[in-house]
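This report refers to the structure that appears directly beneath it.
The values are calculated or read from the model by the stated rules, or taken from the named source; none is laboratory data. Just so it is clear, the structure is predicted and the values come from calculations on it, not from any experiment. Note that each Cβ is placed from the backbone with ideal geometry, even for glycine, and that neighbours are counted across all protein chains shown.
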Amino acid sequence: MRVEVIAGLSAAVAAACATERPRDQACPTWQSEVAPALAACIGCHGGAAPAARYQLTSYLGALGPGSDQVSNAIAGDPGSVLLVAVDPARVPATDVDHAGHGALHAVLTRWAVECQLAYLDSSIHAAGVLDPASADFHGAELRARDWDLALCAGCHGADFGGGAAEAACTACHPRGPTACDTCHEEVPTTGAHGAHVGVGSAGLACATCHRVPSAWDDDGHLRRAGVADPPPAEVELAGLATVTVDAADRAGPPRFDAGTCRNVYCHGDVLGASGGSARQPSWASDPPGPAPCGSCHGAPPPSHADDGCPTCHPSDGVHLDGTTQIGLGLPGCSGCHGGPDSPAPPRDLAGNVFTTAIGVGAHQAHLRAPSGLSAPIACSACHRVPAEVTAAGHIDSVGPAEVEATLGWDHGLGTCATAWCHGSAQPRWTVSGEAACGTCHAVPPATASHVGVTTLTACTTCHPNTMDPIGRFVIGGAHLDGDVDAP
């Protein structure tokens with residue numbers, strides 16, 4: 001009983017798929033005569049590097065194209081390259097590879113011209129069932145039937161592994177006809193797909209631009225309300241495209257319009273006055289590969305005076321991730337200058353680490369004060385410290401960093417001319433060891449109150465907070481605080 005039901009269903013489905021077609025049993029097909037006849041040619045036109053890139057080991061390979069974009073076997077065309085290549089009337093006898101194949105030429109001519117490049121002899125399918133250029137191609141037939149794959153399953157099995165037809169769809173579609181790569185490539189090559197899906201380590205997921213179905217037959221994928229949903233694929237921007245840095249800079253929701261994406265974070269269209277030159281690139285003519293610097297935001301952006309991006313932004317991080325990454329692995333100010341223990345150089349903005357570089361110099365000698373000549377000096381003693389990275393006068397001004405005017409800083413000489421800290425001395429910023437007892441004031445100072453003082457051990461008598469009884473600085477004492485610490 002069960003066998004009879006299955007047989008009846010198979011017959012009904014087959015009848016719905018196509019009516020029986022008249023056929024000429026003598027018609028050569030790829031399976032019956034053509035593939036065996038071309039076996040002698042695969043010595044040159046087979047393997048990993050076939051001659052003229054023309055592969056004759058498969059049906060689709062024989063149809064071509066080879067080294068150009070013209071199909072080598074065209075249904076109904078006696079001038080097809082495959083036929084001409086072995087035509088005794090056209091091939092000179094000196095062409096030993098292609099001459100002397102009159103019988104092969106006769107078979108190929110009948111196969112291409114009269115038999116429409118038939119793949120197999122079938123009472124159900126037309127000759128062009130596997131020829132993508134044919135109106136009878138099975139993909140076109142399936143589209144005309146609103147992608148009703150149940151019709152195919154009726155003959156080829158529920159798993160498309162052969163079924164009653166004993167012909168497996170998986171022979172050509174290894175993952176089955178319902179897999180994504182049956183209809184389109186996993187990474188489509190049309191438009192700017194390659195640039196988006198394969199953009200380095202940050203390739204965008206399909207779901208960023210499309211509603212990805214959970215199954216091939218989800219409504220709105222191949223079919224909508226039971227009938228074929230015609231191309232193009234609908235674009236529904238989500239995820240990264242919707243990131244908003246500042247709500248005031250977003251003109252509207254992200255959308256795909258007139259061949260380009262608008263109001264999307266990905267191309268900088270919601271970055272305000274960023275200075276980007278191509279924030280709405282054309283999908284069809286967008287060059288391959290990542291967009292160049294300066295297209296999404298200026299290089300540098302108008303808010304930046306320095307174009308040395310690697311100074312403050314990691315070069316090995318993900319660029320488009322919805323977060324502006326500031327700092328080279330260290331938090332706060334140390335992300336751009338300084339190091340793990342201090343925001344003051346070394347390292348300076350040019351990457352220098354030696355004190356002989358003016359961007360490094362005596363920063364650590366001042367901020368950490370290891371000599372004990374003074375307590376550590378705050379950054380704000382010499383510079384206007386910004387409250388945040390984007391504060392006016394910080395990254396929007398050209399270096400070097402501004403120094404408080406009262407210090408009389410001379411960048412060319414590398415010294416402070418009017419800084420109280422060093423008295424009349426002007427030690428050079430990039431030279432170590434120029435500040436010691438006797439450089440800021442004499443030892444002892446040449447004042448009436450110091451008459452008779454001859455040793456450093458005597459200093460503690462009047463200055464106990466800064467000098468100890470054996471003439472050493474009191475580490476952490478208030479030596480340079482503007483107070484002479486005298487009774």
Can you run down the residue pairs with Cβ atoms below 6 Å, 6 or more apart or on separate chains, where the first is in the range 463-487 and on the phi > 0 side of the Ramachandran plot and the partner is polar (S, T, N, Q) and modelled with pLDDT of 75 or more?
-> Gly471/Thr457; Asp485/Asn465; Asp485/Thr466
May I ask you to list the residues in the range 307-341 that are in contact (Cβ under 8 Å) with a residue 60 or more places away in the chain and among the small types (Gly, Ala, Ser)?
-> Gly322
Residues in the range 44-86 that are without any contact (Cβ under 8 Å) to a residue 24 or more places away in the chain and part of a helix (DSSP H, G or I) total 6
Is it fair to say Pro310 is farther than 20 Å from Gly393 by Cβ and outside any loop (DSSP other than H, G, I, E, B)?
-> yes
Hey, does the range 376-383 have a residue that's assigned to a loop (DSSP other than H, G, I, E, B), among the small types (Gly, Ala, Ser) and modelled with pLDDT of 85 or more?
-> yes
Per the filter on the range 405-437, residues outside any loop (DSSP other than H, G, I, E, B) and over 16 Å from His366 (Cβ atoms) are Ala405, Asp410
Could you check, for the range 207-229, whether at least one of its residues is part of a helix (DSSP H, G or I) and of a type outside the set (Asp, Glu)?
-> yes
Restricting attention to the range 218-237, which residues are out of contact with any strand residue (DSSP E or B) (no Cβ under 6 Å at 6 or more places or on another chain), in contact (Cβ under 8 Å) with a residue 24 or more places away in the chain and surrounded by 14 or more Cβ atoms within 10 Å (Cβ to Cβ)?
-> Leu222, Arg223, Ala228, Glu236, Leu237
Residue satisfying all of: in the range 239-281; of a type in the set (Gly, Ala, Ser), surrounded by 14 or more Cβ atoms within 10 Å (Cβ to Cβ) and out of contact with any Asp or Glu (no Cβ under 9 Å at 6 or more places or on another chain); farthest from Cys209 (Cα to Cα) among these | Gly275
Identify, please: which residue in the range 33-43 is part of a helix (DSSP H, G or I) and of a type in the set (Gly, Ala, Ser) and is, among those, farthest from the chain's Cα centre (by Cα)?
-> Ala37
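Has the range 183-196 got at least one residue that is touching a Phe, Trp or Tyr at 6+ places or on another chain (Cβ under 8 Å) and part of a helix (DSSP H, G or I)? Quick ask: steps written out before the conclusion?
Taking the range 183-196 as the starting set, the residues that turn out to be touching a Phe, Trp or Tyr at 6+ places or on another chain (Cβ under 8 Å) are 191-192.
Subset that is part of a helix (DSSP H, G or I): none.
The answer is no; no qualifying residue exists.
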Only residues that are farther than 30 Å from Leu204 by Cα and of a type in the set (D, E, K, R): list them for the range 307-356, please.
-> Asp341, Arg347, Asp348
